[in-house]
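The values are calculated or read from the model by the stated rules, or taken from the named source; none is laboratory data. These numbers come from a predicted model, not from an experiment. Every residue, glycine among them, receives a Cβ derived from its backbone with ideal geometry; neighbour counts consider all protein chains shown. Please note that ligands, DNA and RNA were not included when accessible areas were found on the heavy atoms of the full protein model with its side chains. Shrake-Rupley method; radii C 1.70, N 1.55, O 1.52, S 1.80 Å.
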Amino acid sequence: MGSVELKQLKKDFSGVTVLQNIDLDIKEGEFFALLGPSGCGKTTTMRCIAGFETATSGTIEIGGKDVAKLSPNARNCGMVFQSYALFPHMNVFDNVAYSLNIKELKKNNLFKKFGVYTRMLNSKLVKYPKEIKEKVNNILEYVELSDHAYKLTSELSGGQQQRVALARALVMEPEVLLMDEPLSNLDLKLRHTMRNTIRRIQQELKITTIFVTHDQEEAMSMADRIAVMKDGEILQVGTPTDLYSNPKTPFIADFVGTSNIIPGTVVARENGLTTVRIGEQQMIKSATQTEQDDVKAIIRPENLTVIGEENESFDNTFEGEILFATYLGSTVRYDIEVEGHKLVVDTTYESGNQIRQEGSKIKLGVLPERVLLI
Amino acid sequence: MRGLINKINGLGFVKFLIYGFFILFLIIPLLSVFLVSFTNEPINLFGSLVSVDQFQRTVEQFKNATLENYKSIFSYGHYFTGLKNSLYLSFIVSILVLLLCMPIAYGIARTKMPFKKTISALCTIPLIFPTFISAYAFIIMFGRAGWVTYIYQQLGGEGMLIDPYSMTGIALVQVFFFFPYALWPMVAAFKVSDVSLEEASRNMGSKGWLTFSTVTFPLALPGMLSTALVIFAVSFSDFGTPIILAPSDLNLIVVDAYREIAGFFNWGSAAILTVIMIAVAGFVYWLQNFLLKGRNYDTLSGKPKQVKLNENKALTVPLSIFSWFVVIIPLLTLATVFVQSIAKTWGLEPLPTGYTLDHYRTIFSSSLGNIQNSLLLAGGALVLSVVVASFVSYFVVRHRSTGLDFMTTVPLIVPGIAFGIALIQTFNTAPLHLTGTAFILIVAYSIRRLPYMVRSTVGTMRAIKQDIEEAAINLGASTLTAAITIIGPLMLPGIAAGSVLVFITVIKETSISVLMAPPDWAPMSLAIFQNVLRAEYYSAAAMSVILVAMVLVLQGLASLLSNRNKT
Ligand SMILES: Nc1ncnc2c1ncn2[C@@H]1O[C@H](COP(=O)(O)OP(=O)(O)O)[C@@H](O)[C@H]1O
Ligand SMILES: [Mg+2]
């Protein structure tokens with residue numbers, strides 16, 4: 001198992017640049033997510049690592065070795081395809097055993113080679129050796145598919161197919177596991193269970209994993225670190241909490257979780273607080289120090305507090321009108337208009353509480369430490 | 001060097017071999033026949049590569065090259081008549097086929113005519129016959145001693161109803177045995193013609209026949225024209241009918257070309273006729289593609305609209321009767337051949353004098369070798385075309401190899417006789433003296449039928465997603481291993497369907513067999529052909545029945561296979 005390092009990776013498709021300045025340093029055993037909207041180049045990055053695309057420039061190292069000269073079948077990257085790409089004419093067992101057969105093929109003489117080929121074409125004709133049988137059975141047990149070993153893959157449910165794809169990649173003991181939107185074809189509930197399954201297996205095997213997704217919730221809940229991509233470039237790399245609390249750009253702030261993004265101008269810097277004018281009257285104070293004058297204030301919905309009868313003191317207060325109230329179970333989300341800005345506020349909902357009326361006035365407060373200026 | 005070897009991986013090597021195969025057995029022969037049409041004597045291209053003397057001789061031949069041949073063709077010579085007659089024949093046949101098919105196609109596509117299913121099924125019968133068998137069956141029916149002639153004379157007619165040994169005879173055989181090639185495309189064209197337009201027309205008060213002539217028919221017209229061109233090409237390239245039926249005073253280009261090479265070893269004339277045949281067929285093919293450009297009958301109407309089938313008895317009953325009249329003739333031909341094969345003697349009477357299985361006994365004692373040859377040759381051609389077609393479709397779909405795509409369409413254009421002449425000429429001398437071997441015969445068969453095979457395998461290949469192959473490579477397989485263990489098995493249904501087609505067409509193949517088969521490798525088609533020429537009709541009939549039975553069994557097998565794949 002190894003680290004993965006990309007340096008200044010660039011990829012053009014017939015003159016059009018789809019990836020540039022890609023620098024990534026993925027540590028051994030890390031669960032690393034590539035997060036970004038569709039079309040931003042995640043799949044292309046992954047295909048460069050797996051060797052299906054040749055980078056226009058830049059280097060890729062796996063386990064400290066430059067892999068530029070290695071063909072895709074020599075890179076030992078286990079890949080789980082978005083479509084699973086299971087072999088439809090083989091049963092589950094044969095699918096999983098495929099890479100082990102290939103290894104047999106490479107180390108044997110011509111006569112034995114013929115036997116292995118025959119087995120790959122019809123596993124009823126030539127028996128598997130004991131080691132292969134054991135390995136495959138172990139991994140099938142591990143992904144809870146032992147009962148389905150001799151079924152055709154088309155007879156399995158989506159989640160089971162997903163696990164076959166995973167087992168097939170894992171059994172070759174790859175240096176890195178590459179997963180391209182592996183959960184996007186599953187329904188919501190299954191997606192949640194599979195998140196846990198994948199995370200558990202990754203933790204137990206300590207396998208370096210690169211996980212591609214466009215779903216920020218998926219990335220946040222599974223990955224050790226996340227790289228946020230947009231238009232073929234990496235915007236920020238960090239842990240989920242890092243990205244959430246310190247997004248470097250408004251795009252990330254909005255893409256990773258929900259944010260209120262309010263444009264304004266700095267009017268004063270004093271006592272470690274920066275004052276920003278966001279409307280005719282309305283000011284907002286932030287603990288962020290900045291040189292810029294034109295800034296965007298970022299406030300997470302849950303950091304806005306509704307000020308009611310209880311007299312809390314805030315440096316920042318806003319008055320606004322409720323446009324919508326959305327009941328979300330444990331929280332209530334209000335869409336509020338404050339001096340032409342639309343803000344979103346999440347409040348915890350305790351049973352018995354009244355949900356505020358749409359159209360009614362509301363008063364909000366936020367701590368300067370919770371206002372980020374970008 | 002090592003680097004180079006590493007770069008040319010297994011699959012690259014296979015691609016190289018396949019290009020080599022096409023260049024050696026298709027491109028060079030066609031090129032060489034083209035050159036011979038100028039030099040007037042055979043040239044030895046391969047010899048020129050290995051021997052200096054030969055090279056100098058070839059250079060000398062080129063120096064003496066002339067346009068004499070071309071001049072003589074266009075100055076109203078013997079060959080010009082042949083070309084003119086052939087074009088006329090093909091033109092007449094395609095018009096007649098169109099007229100014949102239009103009512104049947106309309107009946108099948110748009111009406112509930114009585115016996116529709118049976119008629120559709122019977123319409124496939126003509127395709128199981130090699131044309132020279134149908135041609136000689138026409139002799140047994142319409143000839144001087146034929147039973148049709150007998151009935152005609154009993155009814156008071158004089159002489160023969162139709163003289164089979166004439167342009168009319170040839171045209172009729174071709175019409176009744178080639179019409180299915182046009183029927184199914186026409187049925188498709190009628191099915192997709194815009195039904196809503198027709199309804200609009202009818203809503204505006206148009207009568208049924210008016211709707212047909214102003215809306216339905218014009219919409220189906222381009223499809224029909226291209227179908228007519230298909231028939232034109234098939235008729236123009238057909239060798240079996242004219243070689244049996246053309247009287248000595250009727251020149252047809254295929255027969256002329258055959259005689260030049262098989263009778264007089266007149267290389268120059270054979271070459272020029274070959275070039276002309278290919279030029280005509282190529283032009284027709286181009287014209288057809290030109291007509292169909294941007295038009296795809298499968299996708300024209302997005303989602304299939306439910307056609308309201310016409311139930312008007314006044315229309316459907318005549319349509320059905322007409323269709324029966326058309327399909328009954330191939331059926332009678334089949335019956336005639338069968339009766340002949342069990343007849344003691346059958347002269348100018350409606351029925352034979354007695355019945356016997358002797359003809360079959362003769363075949364099983366003396367001609368078993370021909371059956372065996374047919375099976376072996378067809379088997380060889382099958383294996384070769386399976387291997388080549390599988391890899392070709394891989395390269396065409398995955399590597400977008402336009403070169404190979406082109407190479408596999410060329411045999412569609414080249415008439416069998418022309419291809420045979422090109423091969424004989426090219427491989428006639430050392431160092432590659434292959435003419436007269438079973439090997440070159442198998443190569444000829446498989447190249448000729450490769451387009452069908454490739455069409456079938458390319459279809460399946462396209463259905464195999466790229467990422468399945470990538471998954472195999474990701475798991476450590478080389479591209480060649482992935483091709484063998486993943487792509488190969490997934491292509492099996494397409495290969496099976498193509499294989500049956502190749503096998504059947506090779507068994508039926510006439511022109512290549514007649515031209516190229518050495519005596520000790522004579523297949524059934526050649527044996528029947530020779531029997532017909534020797535007027536040994538009884539054993540020819542028995543052998544024909546066996547051939548047709550084999551084709552039928554194979555076709556049954558094919559539909560069984562395709563049904564199983566569907567479920
Ligand atoms: N083979 C290719 N040829 C040309 N353009 C491509 C190819 N593959 C991907 N692209 C382009 O590269 C960009 C990134 O694609 P991709 O990596 O698939 O994005 P993602 O996986 O993030 O959705 C897209 O604009 C896509 O159109
Ligand atoms: Mg993608």
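Building the convex hull from the alpha-carbon atoms of the stretch A:40-111 and averaging its projection over directions returns 7.0 nm². Ordering A:Asp293, A:Asp231, A:Asp94 by accessible surface, largest first, gives A:Asp231, A:Asp293, A:Asp94; the 1.4 Å probe counts only protein heavy atoms, with every chain in place. In this rough spin-label picture, where each label sits 7 Å from Cα along the Cβ direction, the B:Phe13-A:Asn122 distance is 2.7 nm. Taken about its Cα centre, the protein assembly as shown carries a charge dipole of roughly 3020 debye when the Cβ of each Lys and Arg holds +1 and the Cβ of each Asp and Glu holds -1. When the P(r) of the stretch B:231-270 is calculated, the portion above 11 Å amounts to 63% of the C-alpha pairs. Between 0 and 90 degrees, the angle of helix A:158-170 with respect to the longest Cα principal axis of chain A falls at about 70 degrees. Computed from the alpha carbon atoms alone, the convex hull of chain A holds 183 Å³ per residue.
Pairs B:Lys84/B:Lys508; A:Lys107/A:Lys127; A:Lys124/B:Lys465: which exceed 22 Å Cα-Cα?
Listed pairs above 22 Å: B:Lys84/B:Lys508; A:Lys124/B:Lys465.
A 1.4 Å probe, protein heavy atoms only, puts the accessible area of B:Tyr181 near 100 Å².
Over the protein assembly as shown, accessible surface divided per residue gives 46 Å², non-protein components excluded, 1.4 Å probe.
Per residue, the convex hull spanned by the Cα atoms of the protein assembly as shown measures out at 276 cubic angstrom.
On a per residue basis, the convex hull of the C-alpha atoms belonging to the stretch B:447-506 measures out at 72 Å³. Considering only A:Ala219, B:Val234, B:Gly347, the residue lying farthest towards the positive end of the dipole of the protein assembly as shown is B:Gly347, judged by Cα position with unit charges set on Cβ. The Rg/Rh ratio of the stretch B:113-161, with both radii computed over alpha carbons and Rh defined as the Kirkwood radius, is 1.16.
Take each residue of peptide B:484-490, count the partner chain Cβ atoms within 10 Å of its Cβ, and average: the result is 5.
Among B:Phe177, B:Phe265, the order of accessible area from largest down is B:Phe265, B:Phe177, computed with a 1.4 Å probe on protein heavy atoms.
B:Val148: net charge of surrounding residues, Cβ under 13 Å, Lys/Arg +1, Asp/Glu -1, itself excluded? Here the count lands on -1.
Net charge dipole, the stretch A:229-322: roughly 340 debye, given to the nearest 20, about the Cα centre with Cβ charges of +1 for Lys and Arg and -1 for Asp and Glu. Both radii were evaluated on the Cα set of the stretch A:107-199; the Rg over Rh quotient, with Rh as the Kirkwood radius, amounts to 1.03.
Counting only protein heavy atoms and a probe of 1.4 Å, the accessible surface of the protein assembly as shown is 59% carbon and sulfur. Local charge for B:Tyr452 was computed over the other residues whose Cβ lies under 14 Å away, with Lys and Arg +1 and Asp and Glu -1, and equals +3.
Can you tell me the order of B:356-365, B:469-478, B:324-333 when each peptide is scored by its average per-residue count of other Cβ atoms within 10 angstrom, highest first?
Numbers: B:356-365: 14.6, B:469-478: 23.9, B:324-333: 18.0.
Taking the mean over residues of other Cβ atoms within 10 Å, the ranking is B:469-478, B:324-333, B:356-365.
Sparse packing (at most 11 other Cβ atoms within 10 Å of the Cβ) combined with a DSSP loop state is found for the following trypsin sites (Lys or Arg not before Pro) in the stretch B:436-542: B:Arg534. Each Lys and Arg adds +1 at its Cβ and each Asp and Glu adds -1 at its Cβ; summed about the Cα centre, the stretch A:222-272 shows a dipole of about 60 debye.
The Rg/Rh ratio of the stretch B:332-391, with Rg taken over Cα atoms and Rh as the Kirkwood radius over Cα pairs, comes to 1.26. Per-residue mean of foreign Cβ neighbours for A:66-79 is 3 (Cβ atoms of other chains, 10 Å radius). Taking every Cα-Cα distance in the stretch A:258-373 and sorting them into 10 Å bins from zero, the calculated P(r) comes out as 14, 46, 30, 9, 1 percent. Mean partner shielding of peptide A:83-95, defined as the number of other chain Cβ atoms within 10 Å of each residue Cβ, is 4. Note on the stretch B:348-485: along the principal axes its Cα atoms extend 72, 39, 28 Å, ordered by decreasing extent. For chain B, the Cα-based Rg and Dmax, in that order, read 25.5, 86 Å.
Placing unit charges on the Cβ atoms of the charged side chains and taking the dipole of chain B about its Cα centre, the candidate lying farthest along the positive direction among B:Ala246, B:Gly82, B:Phe439 is B:Phe439.
Using a probe of 1.4 Å, the accessible surface attributed to A:Tyr128 totals some 30 Å² when neighbouring protein chains are kept in position.
What does the charge add up to near B:Phe391, with Lys and Arg as +1, Asp and Glu as -1, over the other residues with Cβ less than 12 Å from its Cβ?
+2
The value given for the stretch A:187-270 is a Kirkwood hydrodynamic radius of 14.7 Å, derived from the mean inverse Cα-Cα separation. Each of the peptides B:537-549, A:102-114 was scored by the mean count of other Cβ atoms within 10 Å over its residues; in descending order, highest first, they stand as B:537-549, A:102-114. The mean of 1/r over all pairs of different alpha-carbon atoms in the stretch B:425-478, once inverted, gives a Kirkwood hydrodynamic radius of 14.5 Å. For the chain pair A and B, the interface hides roughly 1900 square angstrom of accessible area in total, found with a 1.4 Å probe.
Report note on the peptides B:517-528, B:366-377, A:355-366: ranked by the mean count of other C-beta atoms within 10 Å, highest first, their order is B:517-528, B:366-377, A:355-366.
All Cα-Cα distances of the stretch B:17-144, cut into 5 Å bins from zero to the largest, leave 2, 8, 8, 10, 11, 10, 10, 10, 10, 8, 6, 3, 2, 1, 0 percent in each bin in turn.
With a cap of 10 neighbouring Cβ atoms within 10 Å, and only residues DSSP puts in a loop, list the trypsin sites (Lys or Arg not before Pro) found in the stretch A:32-80.
Listed in order of number, the matching sites are A:Lys69.
Of the DSSP H helices in chain B, those that are both long (alpha-carbon extent of 18 Å or more along the helix axis) and hydrophobic (Kyte-Doolittle mean at least 0.0) are B:10-22, B:78-110, B:167-192, B:217-237, B:267-292, B:313-341, B:368-398, B:438-463, B:488-508, B:537-566.
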